[in-house]
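**Q** The structure that follows is given in the form of structure tokens.
The values are calculated or read from the model by the stated rules, or taken from the named source; none is laboratory data. It should be emphasised that the depicted structure is a prediction, and the values quoted were computed from it without experimental measurement. When we count neighbours, we look across all protein chains shown, and the Cβ atoms used for this are built from the backbone with ideal geometry, even at glycine.
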Amino acid sequence: MRAIALSEFGGNDRLELTDVEDPKVGPDFVLIRVRAAGLNPVDWKLREGSLEGAFPHVFPVVLGWDAAGVVEQVGPAVTGVGPGDEVFAYCRKHFVGEGTYAEYVSVPEDFVSRKPEAIDFVHASAVPLAGLTAFQAIVEATAVRAGETVLVHGAAGGVGAFAVQIARARGAQVIGTATAAKHEFLKDLGTTEEIDYSQVDFVEAVRESRTDGVDVVFDLFGGETLWRSVDVVADSGRIVSLADPLTDDHYHVRGITPTYVFVRPSGSQLAELARLIDGGEMRVELEASYRLEDAAQALERLETGRVRGKLALEVG
């Protein structure tokens, strides 16, 4: 099968459109003919080798953890989907190598859900990693409830945009941080207040409108942003971070509950996201899509950190 693969870690010049072996289909696995593959920052981090110690790898490495496509074949133990079904999946396995920048990917059945009917394959491929991350942070880790206020750092990015919409769907008010140029976009997503973190101090801005603080902080950045977020959380509030394990005593004050989320595959949660999309409560913001052979160009754009929403590759 055709795939974008690399035989050594490095820059985008290491990426090559080549032929690799078709993935094998285990008893409880689903073989997906990939129609589109979503891009995530972890892709370029894996490409350059900065996560080499975190994930075992097998060369040639095919990048990509997000896919949408059509079921080609299923193992004998698979009961939930069958050949011809349109699906999407978060395809992270225990090692890096058999990714989604390819014509086929094979994953366990419980990673897979039927694709939302309201969107095409390209948009569906942009959902899994980012959508599951937001879902597991907003629904599981912090159990956001109607009437609460959530501060979402980096609200205009792929994960942040989903977090805003999931929180709104649960009846919360959302404050989003982003540069001023993206504030109209945030309003369209459903934010009730926007903060330009490049021009104002977010702690002062939040405290000015919410003197008691917010119920939940959703953090993507770690570092100083996360450290100072303690100052805007209400007593007995919650902080969820995707960047820091929150073990420091700094986060364990005033009854605050700190939680770290490392996203995991879940077909059942993808089904929940599909219901939100098909019900009109969540949309997928796709900045651009690229041909499979233009993966290097897509990753170059992703590495700028200025993407609004998501990027995807059109595979077949």
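**Q** Please pick out the residue among ASP19, ASP66 that is within 24 Å of ASP110 (Cβ to Cβ) and modelled with pLDDT of 95 or more.
**A** So the residue among ASP19, ASP66 that is within 24 Å of ASP110 (Cβ to Cβ) and modelled with pLDDT of 95 or more is ASP66.
**Q** Report whether or not ARG238 is closer than 22 Å to LEU132 by Cβ and basic (Lys, Arg).
**A** Spelling it out, ARG238 is indeed closer than 22 Å to LEU132 by Cβ and basic (Lys, Arg).
**Q** Which one of these does ALA178 not meet: (1) in contact with a strand residue (DSSP E or B) (Cβ under 9 Å, 6 or more places away or on another chain); (2) surrounded by fewer than 20 Cβ atoms within 10 Å (Cβ to Cβ); (3) of a type in the set (Gly, Ala, Ser); (4) farther than 25 Å from SER266 by Cα?
**A** Evaluating ALA178 over (1) in contact with a strand residue (DSSP E or B) (Cβ under 9 Å, 6 or more places away or on another chain); (2) surrounded by fewer than 20 Cβ atoms within 10 Å (Cβ to Cβ); (3) of a type in the set (Gly, Ala, Ser); (4) farther than 25 Å from SER266 by Cα leaves (2) as the failure.
**Q** Starting from residues that are in a loop (DSSP other than H, G, I, E, B) and touching a Lys or Arg at 6+ places or on another chain (Cβ under 6 Å), keep the ones in segment 125-160 and report whichever is nearest to ALA172 (Cα to Cα).
**A** Checking each candidate, the answer is VAL144.
**Q** Just need a number here: residues in segment 259-271 that are over 15 Å from LEU129 (Cβ atoms) and assigned to a helix (DSSP H, G or I). Break it down stepwise before answering.
**A** Looking only at segment 259-271, we keep the residues that are over 15 Å from LEU129 (Cβ atoms), and these are 259-260, 268, 271.
Filter once more, so that each one left must be assigned to a helix (DSSP H, G or I): 268, 271.
Count: 2.
**Q** So, one more: Residues being crowded, with 24+ Cβ neighbours inside 10 Å, farther than 16 Å from LEU242 by Cα and not β-branched (Val, Ile, Thr): count how many of those fall in segment 125-155.
**A** 2
**Q** Still on this structure: Check GLY316, GLY267, GLY305 and return the single one that is under 17 Å from the mean Cα position of the chain (by Cα) and at pLDDT below 95.
**A** Only one candidate passes the filter, namely GLY305.
**Q** Also, I was wondering about something else. List the residue pairs whose Cβ atoms are under 6 Å apart, where the first residue sits in segment 190-203 and is over 17 Å from ALA167 (Cα atoms), the second is part of a loop (DSSP other than H, G, I, E, B), and the two are 6 or more positions apart or on different chains.
**A** From residues that are over 17 Å from ALA167 (Cα atoms), the pairs are ASP196/THR179; SER198/THR179.
**Q** So in segment 19-37, with the set limited to residues that are among the β-branched types (Val, Ile, Thr) and under 11 Å from GLU103 (Cα atoms), which one is surrounded by the fewest Cβ atoms within 10 Å (Cβ to Cβ)?
**A** Looking at residues that are among the β-branched types (Val, Ile, Thr) and under 11 Å from GLU103 (Cα atoms), I get VAL20.
**Q** Another one. Sort out which residues of segment 195-248 are out of contact with any strand residue (DSSP E or B) (no Cβ under 9 Å at 6 or more places or on another chain), within 19 Å of ALA156 (Cα to Cα) and either of a type in the set (S, T, N, Q) or modelled with pLDDT under 95 (or both), and write them in order of number.
**A** SER198, GLN199
**Q** Report the residue count in segment 289-316 for those that are surrounded by fewer than 16 Cβ atoms within 10 Å (Cβ to Cβ) and either closer than 12 Å to VAL127 by Cβ or aliphatic (A, V, I, L, M) (or both).
**A** Qualifying residue count for the region: 0.
**Q** Could you tell me which residue of segment 201-244 is surrounded by the fewest Cβ atoms within 10 Å (Cβ to Cβ), considering only residues that are of a type outside the set (D, E, K, R), out of contact with any Ser or Thr (no Cβ under 7 Å at 6 or more places or on another chain) and part of a loop (DSSP other than H, G, I, E, B)?
**A** THR211
**Q** Regarding ALA146, is this residue in contact with a strand residue (DSSP E or B) (Cβ under 6 Å, 6 or more places away or on another chain), assigned by TED's automatic domain parsing to the domain that holds SER241, more than 21 Å from LEU39 (Cβ to Cβ) and in contact (Cβ under 8 Å) with a residue 24 or more places away in the chain? Reasoning before the result, please.
**A** Working: in contact with a strand residue (DSSP E or B) (Cβ under 6 Å, 6 or more places away or on another chain): no; assigned by TED's automatic domain parsing to the domain that holds SER241: yes; more than 21 Å from LEU39 (Cβ to Cβ): yes; in contact (Cβ under 8 Å) with a residue 24 or more places away in the chain: yes.
So ALA146 fails the test.
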